[in-house]
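No lab work stands behind these numbers, since they all come straight from the coordinates. From a predicted model like this one, the values you see are computed outputs, not experimental measurements. Cβ atoms come from the backbone with ideal geometry, glycine included; neighbour counts cover every protein chain shown.
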Amino acid sequence: MKRYLNNITRSIGALALLGLAACDYIHDDSLPLCEYRLRFVYDYNMKFADAFQHEVSKVSLFLCDDKGNFLMQRQIEGNELKENNVKLDLEPGTYYALTWAGLDEGSYEWPQLTPGVSTLQDIRVRTLRNADATQPNELEPLWHALDTLVITGTAHEDKEISLAKNTNKLRFILQDTEGYSMDVDDFTFEITADNGYMDYDNSLLDDPQITYLPYYTENVDIASAGDDPDIAIGDTLSQIVAVAEMNTMRLMAGTNYRLIVRHKDWEEDVLNINLPNYLLLTQMEGHNISAQEYLDRQDEYSIVFFLTPILCPDCPDPDEPDEPDEPDNPDNPDEPDNPDNPDEPDEPTPGPGPDDPPHPVVGYACYKIQVKDWVIRLNNGEL
């Protein structure tokens, strides 16, 4: 009898749960309509953790039928994005859902679409650039996803949309290994890559090369004493490093995207390297993933180039005048330069300060780099 009652109890509980979950698309007015909902995640990163709410501020969702015909576009932002539980009013069937999150008219262009006329293959995104193919602006972060939705209409259903990030930020730091100061205005930075035109499936389309330029530069004092009382007056209180922050679109393994750093006074490049190959040197995270997945999951890099100055003792100092200064009183060389106080010695000519090398710098050699926490020592020609 007890066993019989237990079976009855379990059956009643199952029926109650079934009643709570029961729904119908159109046939039974006594049941609520079955709903299909989407939830977005951004865990395709090196933390393998969802950062969607922290990073994404708007989503453009493009819906097409099972033949790829464009049906509608949904703009998801504000409270709907915050709740991240997007309800779709679609009849049962199979659909394509193409997501471009972060689309912004200041950074990208995409076609005007017409329902019933445009297709899934038309939904392409192109990075804006100047007429000379340079891109000096900070790009809005951009994510992509392409999913198939199958709506049965016989139960409440949901789908998780996993986004992959297309944009990358890179912060480059030039530091003199001998402790001399550098000036960011003496250098130019550029990344050249043909990665600005994305197809509906996030593959790259043929497109002219873009030259990405810094959107931010600064000189940073990394050795300033500040208010430290333990550093005496007269000690070296500064070492200036040159900093440039840049962005680029999706980095692809096996490509020859170049990072080029030049000095305004030299013909030879300070740095000219294959950027994807160089960044893959940092793949020491312990994750068993491909080179492309690593580049897709990483989206920010802080990179220090430790540059060893090449000095030229026999080269003329560009800061010295071409002709020596004439004495203050050329008609009477015996007259002191300081007639008001002849016993006081003349002011000494300033020599090289702690920020200045003793001889002109004619180039740099790079033997060590640091990407995030990874230090890589290079041999000649490795870059």
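Worth pointing out:
- All lysines inside 25 Å of Lys58 as judged from Cα atoms, apart from same-chain residues fewer than 8 positions distant: Lys47, Lys82, Lys87, Lys159, Lys165, Lys169
- Multiplying the residue separation of Tyr367 and Gln121 by 0.36 nm and removing their Cα-Cα distance gives an extension gain of 83.9 nm.
- Amide H contacts for Thr177 (H built 1.01 Å from N in the peptide plane; partners 5 or more residues away or on another chain; cut-off under 5 Å): Leu307, Thr308.
- Backbone amide hydrogens, once placed in the peptide plane, bring Lys58 within less than 5 Å of Gly102, excluding anything fewer than 5 places away on its chain.
- Near Gln75, once Lys and Arg are set to +1 and Asp and Glu to -1 for all other residues with Cβ below 13 Å from its Cβ, the sum equals -2.
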